[in-house]
1. Tell me the residue from Ser96, Ser176, Ser92, Ser100 that is within 30 Å of Ala221 (Cβ to Cβ), of a type in the set (Ser, Thr, Tyr) and surrounded by 17 or more Cβ atoms within 10 Å (Cβ to Cβ), please.
2. Go through Leu297, Leu303 for me and flag whichever is in contact with a Ser or Thr (Cβ under 8 Å, 6 or more places away or on another chain), of a type in the set (A, V, I, L, M, F, W, C) and either in a helix (DSSP H, G or I) or crowded, with 19+ Cβ neighbours inside 10 Å (or both).
3. Any residue at all in region 116-129 that's in contact (Cβ under 8 Å) with a residue 40 or more places away in the chain, touching an Asp or Glu at 6+ places or on another chain (Cβ under 9 Å) and part of a helix (DSSP H, G or I)?
4. So for region 86-93 (the condition being over 24 Å from the mean Cα position of the chain (by Cα) and either modelled with pLDDT of 90 or more or not polar (S, T, N, Q) (or both)), does at least one residue qualify?
5. Restricted to region 267-294, and to residues that are within 15 Å of the chain's Cα centre (by Cα) and of a type in the set (A, V, I, L, M, F, W, C), which residue is most open to solvent (accessible area, probe 1.4 Å)?
6. Can you run down the residue pairs with Cβ atoms below 9 Å, 6 or more apart or on separate chains, where the first is in region 74-88 and more than 14 Å from Ser285 (Cα to Cα) and the partner is small (Gly, Ala, Ser)?
7. Among the candidates Ala49, Ala111, Ala44, Ala68, which residue alone is out of contact with any Pro (no Cβ under 7 Å at 6 or more places or on another chain) and surrounded by 13 or more Cβ atoms within 10 Å (Cβ to Cβ)?
Amino acid sequence: MGRGEGGLTLDATAPEAAAPARRRRRRFDLTTPALLAPPVSWLAVFFLAPVVYVALYSFNVLALPPQATGFSVSAWHALIHGGVYLSLFWKSVQMSLLVSALVVVVAYPLAYFLALSGTPRKYILLLLLIAPFLTSYLLRVLAWKVILGDHGVINTFLSWVGLRSAEHPLSFLLYSRFAVMLVLGYVWLPFVALPIFVTLESLDRKLLEAASDLYASRLQAFVRVTLPLSMSGVVAAFLFVFIPTVGEFVTPTLVGGTSGYMYGNQIHDLFNSGFPDWQIGATLSLFLLGVVAALTLVFIRFLRVGEARAA
């Protein structure tokens, strides 16, 4: 340390002290890409690369032999102008929307009770709710075939009490749209209840007390406080059901029959049938991916607008 002209004090150690700080900043700047590299690489290899691979098949850049390769949009033309695939897609969207809406309606009171009832056993009840996931998905779906079949539990009971003869069972219970939507609702119910439960449990109870102090009824407090603040969980729960069910093919294959045939079954058959058509199958897959991504963005935008209005 010394004095310069005009009596100013000069610190000779300042450059030496700043150098380690710069080195630490450089190390920190290198740490962030290193942490991001593994998940980004995983995403690129196992998501982006397969999507690009499917896109190449949809435009006939890649093709199964003996089909010749060459850029073509014939599959997209068949999808848009054919009508068959779009009608099947719309049927699947309708079924998925109905299943998602009904499951949210059923799951919300359940999550509301677990989160806001104050019962000390709520986590035990929550464990019972997710207990079916300890068993195989396939076994749970096959169990419904036993329940809904012509000689299953329901038809046997109806025959036993005399409400239906054994020769004329309720045939719509299995291999129908009803069976597909019922089983999908059963399978995805815990996925809907969990995000709603988490949102409601994190709700500030003081807001409900303030609503009560302002002479709001329990219904008014629910409509004006609880429901708007839990909409993020409701939208997340809705998407948890809608996104996987719109392309579902396992459940319709097992319990749907011809009337429960969905868009995902068509894609599966185009890739795995005796006469595969990978170009059409890839086109249908990309179309499904694009529509689901667009709907997800719309729901997120709607949610943000609702949160802004609530704030």
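The values are calculated or read from the model by the stated rules, or taken from the named source; none is laboratory data. Worth saying up front: this structure is predicted, and the values here are computed from it rather than measured. We place every Cβ from the backbone using ideal geometry, glycine too, and count neighbours over all the protein chains shown. With ligands, DNA and RNA removed, areas are computed over all heavy atoms of the protein, side chains included. Shrake-Rupley method; radii C 1.70, N 1.55, O 1.52, S 1.80 Å.
1. Ser100 is the lone residue from the list that is within 30 Å of Ala221 (Cβ to Cβ), of a type in the set (Ser, Thr, Tyr) and surrounded by 17 or more Cβ atoms within 10 Å (Cβ to Cβ).
2. Leu303
3. Restricting attention to region 116-129, the residues satisfying the condition of being in contact (Cβ under 8 Å) with a residue 40 or more places away in the chain are 116, 126, 129.
Still in the running and touching an Asp or Glu at 6+ places or on another chain (Cβ under 9 Å): 116.
So of that shortlist, the ones also part of a helix (DSSP H, G or I) come out as 116.
Scanning region 116-129, I find at least one residue that is in contact (Cβ under 8 Å) with a residue 40 or more places away in the chain, touching an Asp or Glu at 6+ places or on another chain (Cβ under 9 Å) and part of a helix (DSSP H, G or I), so the answer is yes.
4. No, every residue in region 86-93 fails to be over 24 Å from the mean Cα position of the chain (by Cα) and either modelled with pLDDT of 90 or more or not polar (S, T, N, Q) (or both).
5. At the first step, the residues of region 267-294 found to be within 15 Å of the chain's Cα centre (by Cα) are 288-294.
Applying the additional criterion that residues be of a type in the set (A, V, I, L, M, F, W, C) yields 288-289, 291-294.
Values: Leu288: 28, Leu289: 73, Val291: 39, Val292: 22, Ala293: 50, Ala294: 52 Å².
That would be Leu289.
6. Val84/Ala78
7. One residue alone meets the criteria, Ala111.
Residue by residue, here is whether (1) outside any helix (DSSP H, G or I); (2) at pLDDT 90 or above; (3) of a type in the set (Gly, Ala, Ser); (4) open to solvent by less than 80 Å² (accessible area, probe 1.4 Å) holds:
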residue	(1), (2), (3), (4)
Leu163	yes, no, no, no
Pro169	yes, no, no, yes
Val183	no, yes, no, yes
Val187	no, yes, no, yes
Pro195	no, no, no, yes
